[in-house]
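The structure under discussion appears below in the form of structure tokens.
The values are calculated or read from the model by the stated rules, or taken from the named source; none is laboratory data. Just so it is clear, the structure is predicted and the values come from calculations on it, not from any experiment. A quick note on method: Cβ atoms are made from the backbone with ideal geometry, for glycine too, and the neighbour counts reach across all protein chains shown. Quick note on the areas: whole protein, heavy atoms, side chains included, nothing else; ligands and nucleic acids left out. Shrake-Rupley method; radii C 1.70, N 1.55, O 1.52, S 1.80 Å.
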Amino acid sequence: MFGSGGRQWEERGPIPAQKQRRRSAGLLLYRDVGGGLEVLIAHMGGPFWARKDEAAWSIPKGEYEPDEDPRAAAAREFAEELGSAPPDGPWIELGDVRQSGGKVVTAYALRGDFDPATAVSNTFELEWPRGSGRVQAFPEVDRVAWCDLPAARARLVRGLLPFLDRLLDQVAPQP
């Protein structure tokens, strides 16, 4: 068989689960403030990110299974990582980005408000210090903040930056 560009490929059946591309879905909450936009971002928890600020933040997101609806996964992950269901309102599709490790992230935007002081994240367990045999629990998200777009660009991991541009393409700040 031939693929695009005339390159030959073989049909080998379904990709084994362990080789399928990992997928995550997330929700970028935004609000209008003084004629500009602010977005809600989450600092990644755990010892690796503890002393980092620049390029150490994300949007509330998480992995989902191939048969799961990405929008439902984004809502679930928002609730798990922030301790509250997403606010009501129309969702905007921001599309997919492929991160450097190969994971594909699907994101949505939603205009709404959230008090960062109320955030309560789920936890994960990790052997720390590495090799110690001691397992500790860490929050997936250790803090949440509203940021204007320039601050969000400095804080977000690089693979998520296209979502800020897509948000701006679809949403104009309202006075």
Answer from Leu156, Leu167 - the residue that is aliphatic (A, V, I, L, M), touching a strand residue (DSSP E or B) at 6+ places or on another chain (Cβ under 9 Å) and within 20 Å of Arg23 (Cα to Cα): Leu156
Sole residue being open to solvent by less than 50 Å² (accessible area, probe 1.4 Å), in a helix (DSSP H, G or I) and not aliphatic (A, V, I, L, M), chosen from Phe114, Phe78: Phe78
Close pairs from the range 145-166: first without any contact (Cβ under 8 Å) to a residue 60 or more places away in the chain, partner open to solvent by less than 70 Å² (accessible area, probe 1.4 Å), Cβ under 7 Å, at least 6 apart: Arg153/Leu161; Arg153/Leu164
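Can you tell me which residues in the range 56-70 are surrounded by fewer than 15 Cβ atoms within 10 Å (Cβ to Cβ) and either touching a residue at least 24 places away in the same chain (Cβ under 8 Å) or closer than 12 Å to Ser24 by Cβ (or both)?
Matches in the range 56-70: Glu63, Glu65, Pro66, Glu68.
Every residue, every condition in (1) in contact with a His (Cβ under 7 Å, 6 or more places away or on another chain); (2) closer than 11 Å to Ser58 by Cβ; (3) part of a helix (DSSP H, G or I), yes or no:
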position: Pro129; (1), (2), (3): no, no, no
position: Ser132; (1), (2), (3): no, no, no
position: Phe138; (1), (2), (3): no, no, no
position: Asp142; (1), (2), (3): yes, no, no
position: Arg153; (1), (2), (3): no, no, yes
position: Gly159; (1), (2), (3): no, yes, yes
position: Pro162; (1), (2), (3): no, no, yes
position: Asp165; (1), (2), (3): no, no, yes
position: Leu168; (1), (2), (3): no, no, yes
The range 1-58 - residue that is under 30 Å from Pro90 (Cβ atoms), part of a loop (DSSP other than H, G, I, E, B) and charged (D, E, K, R) and, of those, modelled with the highest pLDDT: Arg22
